[in-house]
1. Find the residue count for region 362-385, including only residues that are among the polar types (S, T, N, Q), in a loop (DSSP other than H, G, I, E, B) and surrounded by fewer than 20 Cβ atoms within 10 Å (Cβ to Cβ).
2. One residue is enough: does region 202-213 have a residue meeting the conditions open to solvent by less than 10 Å² (accessible area, probe 1.4 Å) and closer than 19 Å to Gly42 by Cβ?
3. For the subset of region 61-84 comprising residues that are open to solvent by less than 20 Å² (accessible area, probe 1.4 Å) and touching a strand residue (DSSP E or B) at 6+ places or on another chain (Cβ under 9 Å), which member is nearest to Ala107 (Cα to Cα)?
4. Given the conditions (1) open to solvent by 20 Å² or more (accessible area, probe 1.4 Å); (2) touching a Phe, Trp or Tyr at 6+ places or on another chain (Cβ under 6 Å); (3) touching a residue at least 60 places away in the same chain (Cβ under 8 Å), and given that Gly265 satisfies all but one, which numbered condition is not satisfied?
5. Looking at region 375-406 only, could you name the residues that are farther than 22 Å from Gln280 by Cβ, touching a helix residue (DSSP H, G or I) at 6+ places or on another chain (Cβ under 8 Å) and not hydrophobic (A, V, I, L, M, F, W, C)?
6. Considering region 282-295 alone, what residues qualify as being buried (at least 21 other Cβ atoms within 10 Å of the Cβ) and farther than 27 Å from Ile163 by Cβ?
7. Among the candidates Thr348, Thr317, single out the residue that is touching a Leu at 6+ places or on another chain (Cβ under 9 Å) and β-branched (Val, Ile, Thr).
8. Please specify each residue of region 190-237 satisfying the condition of being part of a strand (DSSP E or B), within 19 Å of Asn100 (Cβ to Cβ) and among the polar types (S, T, N, Q).
Amino acid sequence: MSVCTRRMVALGFTIGCLAAPASADVKIAFIDPLSGGGAATGILAQKTHQFYIDAINAAGGLNGEKLVLLSYDNKVNPQESLIQLKRALDEGARYVVQGNGSGVALALTDAVQKYNERNPGKEVVYLNYAAVDPALTNDKCNFWHFRFDADADMKMAALTDVIARDTRIKRVYLINQDYSFGKAVAAAATKMLAEKRPDIKIVGDELHPLQKVNDFSPYVAKIKAAGADTVITGNWSNDMVLLIKAGKDAGMKVDWETYYGGSPGAVTAIGEAGVDTLKQVSEWHRNATPELDASVVAFSARYPGAENEYSYWRAKTMWEMFAAAARKAQSSDPVKVARAMEGMKMPTALGEVEMRADNHQLLQPLYVSTLSRNAKYDSEGTGLGWKTDAKVEGKATALPTTCKMDRPK
């Protein structure tokens, strides 16, 4: 076994080892929040992408070419993101990676498409690992955008399937961030609850500013006054942590049905109050497999500390598929790699994943899980960990799409 192969096995990263010497750099622009309220999430993602890029480089690079991650702080602001995108393009980036903020994603996907139309031969591909507004792979879809996270509707479908079976749930309060993703979460919850549990009453539907609220106690007071027994929220990063902390501090007794209950710091913030009440829908959690994946173990060794707890399994999937597509295309050219990714299927430790050819939405297994005592692997050193309530296989997460994609000739 070669040194390269041994390293890939140790990292749990399934890419081929390419012995050709690096002849050029392939520049990847990471555009996400590295300051402000979304920084904890953005910085953790930055470390995760760097970790997997280093693994690809250790295996010989992308067909012999070294990947270089260029990082740009967008402060979760669409206009700032467009400024940073221009910087990245001027600095030679051929791939864009972004995830935190669907408002940002909508601005980027439009800008990338227009840039590619104006610059044939210099095309850029956008790899979206976390922005989940359904519009991105429906009416706003385009050939240059690939999403590696389940969209808001796909996640809500899994979450409401579990909610529908819980007869204790009678009164639901929706609280979400005031931008395209938060609105998509609220709309999906309203629609799917009406279809699956028409007896459930939605007693509040609140939108709040994105990553600008420092004290959620007024919102918690509204939730308590409404008599809610369950809260559904798509909040992430600081907005997730501060919301559930305010609920705990107020002694509020509700079930938290979340998209990002595993946001950095969230389990620490809620502690014992989250046992059997904090739930999340995600593509992975630390107890999804009998043993931790080798890449998760290696990441934790490289980046110790609760603030660095591994969260982005979809990044592992994204980079493995990206490397496989480049190998199939025998090129790092964005157009060729994009064509190779369309329709690609790949086995993973959690089950098969597939990049839909019709709208560039990844199909992957989803887990609904609950924070529990006595989990094999705990979260953030709290002694509390996630346990699976339900798993949905990748193919079963597929939803109809309105995407009508024009492909380059």
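The values are calculated or read from the model by the stated rules, or taken from the named source; none is laboratory data. Given the structure is predicted, the values throughout are model-derived calculations rather than measurements. Neighbour counts run over all protein chains shown; Cβ positions are idealised from the backbone, glycine included. The protein model used for the area step is the full one, side chains on, heavy atoms only, and it has no ligands, DNA or RNA in it. Shrake-Rupley method; radii C 1.70, N 1.55, O 1.52, S 1.80 Å.
1. Result for region 362-385: 2.
2. no
3. Ser81
4. (2)
5. Once the filter is applied, which keeps residues that are farther than 22 Å from Gln280 by Cβ, touching a helix residue (DSSP H, G or I) at 6+ places or on another chain (Cβ under 8 Å) and not hydrophobic (A, V, I, L, M, F, W, C), region 375-406 yields only Thr401.
6. Asp293, Ser295, listed by residue number.
7. Thr317
8. Selection gives Thr233 alone.
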